[in-house]
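Colleague: One structure is given below, represented as structure tokens, and several questions about it will come after.
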Amino acid sequence: MRCTHIGVVALGLTASMPAAAQSIDLSATVEGAAGYAVNPQLRPGERGGAGFGRVSISPVLSRATALSQTVLSGSYRREQYFSSFGRTQSITASLGHNQAFTEHLRGNIGVNYTQADNLLLNPDIDLSQVNSLTDGRKTKSLSAQAGLSWTIGADDSVNLSGQYAHSRSGTGLLANSYNQYSGDVSYLHAISAWTRIGVRSSYSYFDNSAFSSTSIGPGVVIDHSFTPIWKLNGDVGIIIQRSGAPVNSTSTSLGFHLSLCGTYPRTTMCLLAGRQTSASAFGGQQVQTNVGASYSYKLTELSSISASANYGRNGGGAPNSGSSQVFRASANYNRTLTERISIGVEATGGYYKNGVTGNARSIEGSAYARVKIG
């Protein structure tokens, strides 16, 4: 299972820091924006649009020592529409801790929470979740994860991870929710300074009020650096999925993940592809195929552009759940005015197709100003 939750902060660790070194940092980014949006709540058949104003704030509190780093972050984002749609908003919070127990053993734990009702246009929403959360429903998600990384000598490493996720969408009689428990274990061996190969296996159990299923995904892994600039990370294997109530069934299919990224002094680009199980509050645990690309370029010391596009298709889940397709693309231009202030323009659009609920399109464009505090 791939889990991309809102507000997760990447945690790094530098074990070579002086033993007495530690720091506590508090910072925040405040943004104000104005723009125009069409069907921001992703409702099938809706074609109307409206101007809007947006405000968001994203605080981050971090503490680092020689052997650990802890990060507490959150965000609040609200769009107020001038003539229709009312408002949309999202709230996220995450707490993560990364710890070095010994020179060879490291661990991490984290908790994440998300509440949102602006799905396709919100950059913080995991695209894999849109398939089950359409029609402007309010969504609440909570997840917790933990992991261990053990380095065995210079050439071998073992990684273990586990996760619990709960999601709920809608209210009253229309509410839907699910729980998912998952784990992953992998072993990697370095065959050269540029290449590591190994094996991995993932497990997940899903249940909601109507369906339950179990998924196992053994496979092989490769990490390879073509050059100091271009790096490949991937795995390929099989997905063995067994569904329980109301109908027992077993299926086997191909599963894989692929990431190819290049990092230049002024340019960064990545190509992504994958096929894995994805939880769905309305259709059980499904198999999701996704492809994506991202690009950023530093025009000058003070300005930059970035763009991304992602496509996902969900199917093969619970009986009669149908399939869905989601596409999202975005572009952004940013210019720094001072050390703390920047301005820019951005546009986001997407398309959602589902055989049960229908099709929906969303698009928005805005101009914004951001202020960094701390």
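Colleague: Please list, or write none, the lysines whose alpha carbon is within less than 23 Å of the alpha carbon of Lys298, excluding same-chain residues fewer than 8 places away.
Modeller: Within the straight-line limit of under 23 Å, Lys298 reaches these lysines: Lys231, Lys372.
Colleague: How big is the convex hull of the Cα atoms of the stretch 23-373, per residue, in Å³?
Modeller: In the stretch 23-373, the Cα convex hull volume per residue is 140 Å³.
Colleague: Using 0.36 nm per residue of separation minus the Cα-Cα distance, give me the extension gain between Ile305 and Ala190 in nm, one decimal.
Modeller: Separation in residues times 0.36 nm, less the Cα-Cα distance, equals 37.8 nm.
Colleague: Can you spot the aspartates and glutamates whose alpha carbon is less than 15 Å from Lys140's alpha carbon? Ignore those fewer than 8 places along the same chain.
Modeller: Asp117, Asp124, Asp126
Colleague: What list of ³J(HN,Hα) values in whole Hz, one per residue of the stretch 260-276 in order, does the Karplus curve 6.51 cos²θ - 1.76 cosθ + 1.60 (θ = phi - 60°) give from phi, with Gly and Pro shown as x?
Modeller: Values per residue, Gly and Pro as x: 10, 10, x, 10, 9, x, 10, 10, 10, 9, 9, 10, 10, 8, x, 9, 8 Hz.
Colleague: Right, here's the next one. Lys and Arg at +1, Asp and Glu at -1: add these up for the other residues within a Cβ distance under 13 Å of Gly53 and post the number.
Modeller: Numbers: positive: Arg54, Arg77, Arg78, Arg87; negative: Glu31, Glu79, Glu364.
Net of charged neighbours comes to +1.
Colleague: Once phi is turned into θ = phi - 60°, what whole-Hz ³J(HN,Hα) does the Karplus curve with 6.51, -1.76 and 1.60 give for every residue of the stretch 95-106, x standing for Gly and Pro?
Modeller: Computed from phi, the couplings for the stretch 95-106 are 10, x, 9, 10, 9, 9, 7, 9, 5, 10, 10, 10 Hz.
Colleague: Ranked from highest to lowest mean number of other Cβ atoms within 10 Å per residue, what is the order of the peptides 364-374, 260-270?
Modeller: 364-374, 260-270
Colleague: For Trp150 and Ala175, calculate 0.36 nm times their separation in residues minus their Cα-Cα distance, and state this gained length in nm to one decimal.
Modeller: 4.8 nm
Taken together, the values in this text are just the output of simple stated rules run on the coordinates, not laboratory data. It should be emphasised that the depicted structure is a prediction, and the values quoted were computed from it without experimental measurement. Virtual Cβ from ideal backbone geometry, glycine too; neighbours counted across all protein chains shown.
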